[in-house]
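Take a look at the structure set out below.
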Amino acid sequence: MCLVGRKKSFNSDPFPYHAELELEIATLTNLGVGLARVPHPADPAGRWVVMVPFTLPGERVRARVFRNHKNFSEADLVAVLTPSPARVEPVCPLFGRCGGCQYQNLAYSEQLVWKRRQVEELLKYMAGIEFPVAPVIGSPVEYNYRSKITPHFNAPRNADEASVLPIGFLRQGTRFDILDVPACPIATAPINARLAESRAHVRARAAEGAY
């Protein structure tokens with residue numbers, strides 16, 4: 001699952017563009033992004049942070065750097081070398097490309113553990129409050145539960161584009177690129193039925209030049 005990196009005013013400190021690293025994922029951020037720590041010339045103790053989406057704690061992965069910030073780097077996942085026992089096959093075929101979900105590759109029971117831990121850590125490190133957080137109560141329904149979604153589309157430049165107009169959600173790692181999503185597995189069946197109707201309506205209107 002190698003996502004396309006964005007080479008814009010690239011800062012090559014500490015890693016050159018598209019440098020490939022073997023990393024061990026230490027934890028998850030509150031946004032569900034895997035976090036690894038590696039040595040840095042200015043910090044040989046190994047505290048330089050590399051963020052890799054769609055990775056899980058304990059995994060050994062190969063990742064490709066696409067951006068260096070002041071205190072951390074971002075990298076795309078190239079390969080999972082040693083998978084976590086908690087890794088599962090995502091239900092959605094668009095997982096990893098769609099920016100809507102981050103945890104579909106993590107077993108649901110482990111999702112609950114990490115969500116509890118993240119609340120506890122936010123209280124501790126952001127608010128200075130050390131307080132035990134109760135275990136998260138799981139839902140009996142893991143998919144087809146969401147009763148609201150917000151699809152997007154960009155107005156086509158001409159009517160010829162109407163039949164291929166992407167209607168869906170933002171592509172992972174982008175701010176404006178829309179990924180076509182025919183159905184969303186976390187939405188309820190009535191919502192997905194309405195999504196199909198809305199997609200057909202929008203494309204018909206686009207073909208008429210309404211946008």
Filter result for E89 (in a strand (DSSP E or B) and under 17 Å from the mean Cα position of the chain (by Cα))
no
Please go through segment 174-190 and pick out each residue that is crowded, with 17+ Cβ neighbours inside 10 Å and not in a strand (DSSP E or B).
V181, C184, P185, I186, T188
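The rows are residues; the columns are (1) over 15 Å from the mean Cα position of the chain (by Cα); (2) of a type outside the set (D, E).
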site: E22; (1), (2): yes, no
site: L31; (1), (2): no, yes
site: R47; (1), (2): yes, yes
site: R60; (1), (2): yes, yes
site: N68; (1), (2): yes, yes
site: T82; (1), (2): yes, yes
site: Y103; (1), (2): no, yes
site: W114; (1), (2): yes, yes
So Q111 fits all but one of (1) surrounded by 15 or more Cβ atoms within 10 Å (Cβ to Cβ); (2) in a loop (DSSP other than H, G, I, E, B); (3) polar (S, T, N, Q); what number is the exception?
(2)
Just to be sure before I move on: is S73 within 14 Å of L28 (Cα to Cα), among the polar types (S, T, N, Q), surrounded by 16 or more Cβ atoms within 10 Å (Cβ to Cβ) and in contact (Cβ under 8 Å) with a residue 24 or more places away in the chain in the structure I sent?
no
From the residues in segment 114-169 that are polar (S, T, N, Q) and free of Cβ contacts under 8 Å to residues at least 60 places away in the same chain, which one is surrounded by the most Cβ atoms within 10 Å (Cβ to Cβ)?
N144
Considering residues of segment 50-70 that are aliphatic (A, V, I, L, M) and part of a strand (DSSP E or B) only, the residue surrounded by the fewest Cβ atoms within 10 Å (Cβ to Cβ):
M51
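Name the single residue, out of those in segment 34-49 being of a type in the set (A, V, I, L, M) and in a strand (DSSP E or B), that is surrounded by the most Cβ atoms within 10 Å (Cβ to Cβ).
A36
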Residue hits (segment 191-202; of a type outside the set (D, E, K, R) and surrounded by 13 or more Cβ atoms within 10 Å (Cβ to Cβ)) are I191, N192, L195, S198, V202
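Bear in mind these aren't lab numbers, they're just calculated from the coordinates by the rules spelled out. This is a predicted model, so every value here is computed, not measured. Positions of Cβ are backbone-derived with ideal geometry, glycine not excepted, and every protein chain shown enters the neighbour counts.
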